[in-house]
Amino acid sequence: MLPVVPLDFGALPGTGMQGLLDLLLQGFVLTLRIGAFLLAAPFFGSRMVPLPVRIVFGVAIAAFVFAETAVPPVEVLTSLRIVPIVAQELAIGLTAGLVLTIIFSAAAVAGDKIASTAGLSFAAQVDPCGSGQTPVVSQIFMLFLIVIFLALNGHLVAIGMILESYRTIPVGASVALWPLAQVGVDAMGTMFALAASIMLPVAAVLFLLNLVIGVVTKSAPQLNLFSFGFPITLMAAFLLLFISVGGLAQAFSDLIRDALAILDTIFGGLADG
């Protein structure tokens with residue numbers, strides 16, 4: 001007969017469970033910045049990436065930096081002082097992601113203007129990323145930009161900046177968040193400037209072509225504008241887009257470089273201020 005061993009209630013893992021809950025709370029606060037960035041950033045925040053994948057990815061990155069990042073103590077996180085900490089982490093992550101999204105929208109704006117100039121505005125389909133109907137040219141430009149962004153490892157650079165921000169801007173550090181609004185306004189201006197530089201060469205040639213077609217139809221009224229000018233404009237638009245692929249790739253590379261530079265400026269300004 002086996003001997004009866006008395007239960008040792010002092011060995012129950014009550015203290016360990018409490019420590020585990022404290023670690024989970026600190027890990028949750030640590031995932032707010034990277035989670036907000038993945039929610040608002042281009043490609044990561046689109047519907048092409050399922051929500052569970054984004055959650056797992058954010059938790060994995062937070063677990064990677066958990067051992068090397070200073071997190072406020074549990075006494076702070078279990079009090080009302082956690083409210084400004086959560087708001088600050090969300091503001092930093094959302095601003096970083098939205099700035100990239102705004103600047104990347106320059107490709108969609110350029111494609112929309114080129115489509116309207118070439119008469120391709122009717123060629124629209126549902127955009128699964130933007131939840132609306134957009135011209136096909138805009139969607140092609142956005143996909144082209146995302147492919148270049150991934151090919152140049154821009155996503156790794158952006159995530160690396162987020163990870164570096166945990167060192168320069170620790171969780172719970174006192175920083176001034178008011179410059180973030182100004183950064184968003186400046187990103188809007190940068191987006192329109194980049195969109196103009198991307199679409200201006202193609203749009204200028206199409207404008208001159210439409211001007212010539214208008215002069216021809218004015219001098220020969222018997223020519224039907226739709227049967228004569230519309231096919232020429234479409235063929236010219238396709239030919240110009242085919243010729244300008246190399247230039248568009250270079251323009252999109254510069255756009256990605258400018259977007260990452262602005263992102264670095266955001267984190268640098270918050271760290272210095």
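The values are calculated or read from the model by the stated rules, or taken from the named source; none is laboratory data. Every value quoted in this text rests on a predicted model; they were computed, and no experiment measured them. Here the Cβ is made from the backbone with ideal geometry for all residues, glycine too, and neighbour counts use every protein chain on show.
Conditions tested, residue by residue: (1) closer than 19 Å to Ile162 by Cβ; (2) in a loop (DSSP other than H, G, I, E, B); (3) touching a strand residue (DSSP E or B) at 6+ places or on another chain (Cβ under 8 Å).
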residue: Pro42; (1), (2), (3): yes, yes, no
residue: Gly45; (1), (2), (3): yes, yes, no
residue: Pro52; (1), (2), (3): no, no, no
residue: Val56; (1), (2), (3): yes, no, no
residue: Ala62; (1), (2), (3): yes, no, no
residue: Glu68; (1), (2), (3): yes, yes, no
residue: Glu75; (1), (2), (3): no, no, no
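For segment 93-113, the condition of being under 30 Å from Ser253 (Cα atoms), aromatic (Phe, Trp, Tyr), in contact (Cβ under 8 Å) with a residue 40 or more places away in the chain and part of a helix (DSSP H, G or I) holds for at least one residue.
Let's see how each residue does on (1) loosely packed, with under 11 Cβ neighbours inside 10 Å; (2) of a type in the set (Ser, Thr, Tyr); (3) farther than 14 Å from Phe28 by Cβ:
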site	(1), (2), (3)
Ala41	no, no, yes
Phe44	no, no, yes
Val59	no, no, no
Ala63	no, no, no
Phe66	no, no, no
Ser79	yes, yes, yes
Ile82	no, no, no
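Since Val83 meets every condition but one in (1) without any contact (Cβ under 8 Å) to a residue 12 or more places away in the chain; (2) part of a loop (DSSP other than H, G, I, E, B), which condition does it not meet? Checking Val83 against (1) without any contact (Cβ under 8 Å) to a residue 12 or more places away in the chain; (2) part of a loop (DSSP other than H, G, I, E, B), the one that fails is (2). Taken together, Ala124, Ala108, Ala118 contain a single residue that is at pLDDT below 85, hydrophobic (A, V, I, L, M, F, W, C) and buried (at least 18 other Cβ atoms within 10 Å of the Cβ), which is Ala118.
Restricted to segment 167-273, the set of helices (runs of 4 or more DSSP H) holding at least 1 residues that are under 30 Å from Ile34 (Cβ atoms), at pLDDT 85 or above and under 20 Å from the mean Cα position of the chain (by Cα) comprises 179-219, 245-272. Checking each residue in segment 1-38 for being at pLDDT below 50 and within 30 Å of Ala91 (Cα to Cα) picks out no residue at all. No other residue among Val185, Val205 is of a type in the set (A, V, I, L, M), on the phi < 0 side of the Ramachandran plot and surrounded by 13 or more Cβ atoms within 10 Å (Cβ to Cβ) apart from Val205.
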